[in-house]
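The values are calculated or read from the model by the stated rules, or taken from the named source; none is laboratory data. This is a predicted model, so every value here is computed, not measured. Cβ coordinates were reconstructed from backbone atoms using ideal geometry, including for glycine residues, and neighbour counts include every protein chain displayed. The protein model used for the area step is the full one, side chains on, heavy atoms only, and it has no ligands, DNA or RNA in it. Shrake-Rupley method; radii C 1.70, N 1.55, O 1.52, S 1.80 Å.
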Amino acid sequence: MKGPRVVMPVLDKVIRRSNFEEVACGYSLAEAQLEASRCLDCKNPRCVPACPVSIDIPKFIGELIEGDLDQAYYTIYDANILPSVCGRVCPQEKQCEQACIVGIKGEPVSIGALERFLGDYSLENNVLRETKIIENNIKVGIVGSGPAGLANAAEMRRMGYSVDIFEALHDFGGVLKYGIPDFRLPKDIVTTEIDRLKDMGVRFHKNVVIGKSITIDQMMNEEGYQALFLGSGAGLPSPLGVPGENLSGIYYANEFLTRVNLMKSHKFPESATPVRIGNKVAVVGGGNVAMDAARTAKRLGAKEVFVLYRRDMDALPARLEEIHHAIEEDIDFRLLLNPVEFIGENYRLKQVRCEIMVLGEKDKSGRRRPMPTNTFKTFDIDSCVISIGQRPNPILKESEADLDVDQWGRIVVENHQTSIPGVFAGGDVVSGAATVILAMGAGKDASIEMDKYIKSKQSE
Ligand SMILES: Cc1cc2nc3c(=O)[nH]c(=O)nc-3n(C[C@H](O)[C@H](O)[C@H](O)COP(=O)(O)OP(=O)(O)OC[C@H]3O[C@@H](n4cnc5c(N)ncnc54)[C@H](O)[C@@H]3O)c2cc1C
Ligand code: SF4
């Protein structure tokens, strides 16, 4: 059995509650090599197929041990263009690390932390993977600059295509910029990893809302794009649908996090967009988004922040690390509670009334279903952040009648191609809210189909 994991240092829990500094501090070279030495270099590594983008994990770990850090970085980069991002936010405990053989009798190798170390090493030392591009001068367009669009852009560019990314917002990166807070993912890291795509020749266009500024049809039939990739994500919040939801003081998580992350509302009046949360904040939901909202509220100065979740602690869908950090930061978990009404005074939120739940039989997700009890609890609150899921924005569908979507507004694809010939899609807009690496995997896989489609059209 291998020894224990090398623990990654973290910022002091008292200090970090009042700032947006990154919590996890990363390994030093010595720590990374010590952790890497726990890998058994398996002949049939179970970790690789468990990685949605198939990084050759034992290879990069071996190169790291040998001290060939540049090559170790290249090994990752060839499969994943955002190692510093993914090393920080991927749910490795449910993917590569869950499959790692060392984990059978002890703790698995910290694959994510090693990936992060090498990504950061390359950014700090300006180590760049040279990409030889043989231009084919064929234009392809990408809608959305989140992980799905970025991964698709990199692959198309590597194949020689002339690539344009169109982004509705004024900054690139999708959820990596507007959703995940700085204390988990510093924005300069996202910017630098994206800049590497600019260096490859990918052209980025901001403040362009496809479906409003220009339509899919115009792009394909007037602007000369031979194929499009729709990676427009799932940015539309799901409402709770309870009385009082329109009171002042209630935010949806995406809106709340965008105000802080992208509009820097915590720097008001230096920034133009304020956010008022008061002292008592309830966050509804139990996923990563809810943890981010709760920890952000704490950093904005709220004295009491609690998470309202309708199941128990074991069923929380957020990453274990995020739950652990939230508890350390004094976020309170009020479980088996389902908000049924918001109560206000003069249009301003004052209270949330919750029904007490019990757990029944397992549902389709394999978790025990929360059941109402007809008993209630009421909490005084100043604001509430609702974080119970996101759906795709309907703009693309509204502007393109031929684009098939399902009942939840997700784009329907077959082999990554939508109902419109030459228009492909992937990431959250197809799967619904999922993960960064699954979105990247979809963007990469779609690039293969786009290349095949364009080549078959040319040979007609
Ligand atoms: C707060 C939060 C925390 C999360 N934490 C994690 C985590 O820890 N780990 C993890 O793996 N996943 C996490 N996720 C999920 C993950 O971020 C998403 O699954 C992933 O970003 C999806 O990538 P995407 O490229 O499909 O979409 P997005 O990242 O949503 O990017 C889509 C982009 O398309 C743009 N766009 C939309 N419509 C148009 C249009 N009509 N024209 C032009 N541009 C358009 C949007 O502005 C956006 O920039 C989190 C999500 C949120 C919201
Ligand atoms: S499964 Fe674990 S031990 Fe085996 S190669 Fe992968 S990381 Fe190393």
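What is the extension gain from Ile133 to Lys206, computed as 0.36 nm multiplied by their sequence separation minus the C-alpha to C-alpha distance, in nm to one decimal?
Going from the current span to full extension adds 23.8 nm.
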Please give the peptides 126-133, 197-204 ranked by average Cβ packing (other Cβ atoms within 10 Å per residue), highest first, as a rough proxy for protection.
197-204, 126-133
At q = 0.20 Å⁻¹, what is the base-10 log of I(q)/I(0) for segment 1-92 according to the Debye formula with one equal point scatterer per Cα and no solvent? Please give it to two decimals.
-1.11
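How much space per residue, in cubic angstrom, does the convex hull of the C-alpha atoms of segment 287-349 take up?
On the way: hull volume 6.0 nm³, N = 63.
Per-residue hull volume (Cα only) is 95 Å³.
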Distance from the Cα centre of segment 52-109 to that of segment 136-178, in angstrom?
24 Å
Among the lysines, select those whose C-alpha is under 22 Å from the C-alpha of Lys457, and discard any that sit fewer than 8 residues away in the same chain.
Lys139, Lys444
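Rolling a 1.4 Å sphere over the protein heavy atoms, what is the accessible area per residue of segment 23-62, to the nearest Å²? Working shown, then result.
Values: 1900 Å² over 40 residues.
I get 48 Å² per residue for segment 23-62.
Please label the shape of the chain as rounded, prolate or oblate, based on the square roots a ≥ b ≥ c of the eigenvalues of the alpha-carbon gyration tensor (a/c under 1.5 means rounded; beyond that, a/b larger than b/c means prolate, else oblate). Walk me through the numbers before you get to the answer.
Values: a/c = 1.70, a/b = 1.19, b/c = 1.43.
Note, shape of the chain comes out oblate.
Rounded if a/c is under 1.5, else prolate if a/b is larger than b/c, else oblate: which is segment 194-334, with a ≥ b ≥ c the root eigenvalues of its Cα gyration tensor?
Numbers: a/c = 2.02, a/b = 1.93, b/c = 1.05.
In terms of gyration-tensor shape, prolate.
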Within segment 375-440, what whole-number % of the accessible surface is contributed by carbon and sulfur, with the 1.4 Å probe and all protein chains included in the calculation?
48 percent
For the pair Thr191/Ala401, report the inter-label distance in nm, with labels modelled 7 Å from Cα in the Cβ direction.
4.4 nm
Taking the Cα centre of each part, how many Å lie between segment 1-44 and segment 407-453?
34 Å
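Between Gln71 and Lys105, 0.36 nm times their residue separation minus their Cα-Cα distance comes to what? Numbers along the way, then the final one.
Numbers: separation 34, 0.36 × 34 = 12.24 nm, distance 3.05 nm.
Going from the current span to full extension adds 9.2 nm.
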Hey, what number do you get for the chain at 222 nm if only DSSP H runs of n ≥ 4 count, each worth -39500 (n - 2.57), divided across all residues, to the nearest 500?
-9500 deg cm²/dmol
Could you check how much of the accessible area of segment 13-124 is carbon and sulfur, as a whole percent, using a 1.4 Å probe?
53 percent
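Run through the DSSP bridge list for segment 239-388 and note the antiparallel percent, rounded to the nearest 5.
Numbers: 17 of 34 bridges.
Of those bridges, close to 50 percent are antiparallel.
Mind checking Rg over Rh on segment 306-460, alpha carbons, Kirkwood formula for Rh?
Details: Rg = 21.5 Å, Rh = 19.3 Å.
Answer for segment 306-460: 1.11.
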Provide the percentage of antiparallel DSSP beta bridges, counting only those with both residues in the chain; round to the nearest 5.
40 percent
Accessible area per residue, Å², segment 207-343 with all protein chains present, probe 1.4 Å:
41 Å²
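Beta carbons within 10 angstrom, averaged per residue: use that to sort the peptides 114-124, 243-253, highest first. Walk me through the numbers on the way to the answer.
Working: 114-124: 23.1, 243-253: 18.1.
Packing proxy ranking, top to bottom: 114-124, 243-253.
Of all the accessible heavy-atom surface of segment 180-321, with the other protein chains kept in place and a 1.4 Å probe, what percent is carbon and sulfur? Before the final figure, lay out the partial values.
Working: 2800 of 5750 Å².
Here carbon and sulfur together make up 49 percent of the probe-accessible area.
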Report the relative contact order of segment 239-388, percent, no decimals, based on alpha-carbon pairs under 8 angstrom and at least 6 residues apart.
30 percent
Remind me, relative contact order of segment 335-460 in percent, using alpha carbon pairs under 8 angstrom and six or more residues apart?
14 percent
Mean Kyte hydropathy of 0.0 or more with a Cα span along the axis of at least 15 Å, helices from DSSP in the chain:
111-124
Which whole-number percentage describes the relative contact order of the chain, with Cα contacts under 8 Å and a sequence gap of 6 or more?
16 percent
